[in-house]
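Asks: What follows is a structure written as structure tokens; I'll ask about it next.
Every number in this text was worked out from the coordinates using simple rules, so none of it is lab data. Predicted model, so just to flag it, every value in this text is computed and none were measured. Positions of Cβ are backbone-derived with ideal geometry, glycine not excepted, and every protein chain shown enters the neighbour counts.
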Amino acid sequence: MAIATSGTLEKSRAVLEATKVPYQKMVYINGDHVKNKKPDPELFLLAAERIGIEPASCVVIEDTPNGVQAAKAAGAKCIAVTNSISAANLYEADLVCDSLEDIKLDMIRELIDSN
């Protein structure tokens, strides 16, 4: 598992620590690690490289059109969550959900197996 956020190191760490996400136990890529921001795929390509998985075997969970575009440009599957953006604006994703709670492990497996 990896966390790949275009947020800066300072901002993203603050959010991850406040929400008690154990990012230290994962591959953690932030905006300070890359030259190009989303919709460029650099962030997701670096995360896939660091976890040692081909992007085609990765599923990215995103909540913005730029993030969805970056995931797809990296060659990954993408699940979009409608946090603050409508489903109509996230149409490029392979799957759109209204909540993170709607995402089930079987859904992720099906997306990976659909390659």
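Asks: Among (i) 7.7; (ii) 6.8; (iii) 12.2, find the value of mean projected area of the Cα convex hull in nm² that was calculated from the structure presented, and write down its label.
Replies: Read-out from the structure maps to (ii).
Asks: Name the longest site-free stretch of the chain, where the excluded sites are trypsin sites (Lys or Arg not before Pro) in a DSSP loop with no more than 13 other beta-carbon atoms within 10 Å. Mind showing how you got there, number by number?
Replies: On the way: sites that count: LYS20, LYS35, LYS37, LYS104.
My reading of the result: 38-103 is the longest stretch.
Asks: Quick one: net charge around GLN24, please, counting Lys, Arg +1 and Asp, Glu -1 for every other residue with C-beta under 13 Å from its C-beta. Write down the numbers at each step before the final one.
Replies: Details: positive: ARG13, LYS20, LYS25; negative: GLU17.
Net charge in that neighbourhood comes out at +2.
Asks: Hydropathy at least 1.6 by Kyte-Doolittle, axial extent at least 24 angstrom from the Cα trace: which helices of the chain, defined as entire DSSP H runs, fit?
Replies: Numbers: long enough: none.
Helix filter hits for the chain: none.
Asks: At 0.36 nm per residue, and after removing the present C-alpha to C-alpha distance, how many nm does the segment from ILE53 to THR19 gain when stretched out fully?
Replies: Numbers: separation 34, 0.36 × 34 = 12.24 nm, distance 2.66 nm.
Between ILE53 and THR19, full extension yields an extra 9.6 nm.
Asks: Percent relative contact order of segment 8-104, based on C-alpha pairs within less than 8 angstrom and at least six residues apart?
Replies: Relative contact order, segment 8-104: 19 percent.
Asks: Can you flag which of LYS37/LYS72; LYS38/LYS72; LYS11/LYS72; LYS25/LYS72; LYS37/LYS77; LYS11/LYS38 are past 21 Å Cα-Cα?
Replies: On the way: LYS37/LYS72 14 Å; LYS38/LYS72 11 Å; LYS11/LYS72 25 Å; LYS25/LYS72 26 Å; LYS37/LYS77 19 Å; LYS11/LYS38 17 Å.
Exceeds cut-off: LYS11/LYS72; LYS25/LYS72.
Asks: Oh, and also: Between segment 1-30 and segment 73-115, what is the separation of their alpha carbon centroids in Å?
Replies: Here the two parts' Cα centres lie 20 Å apart.
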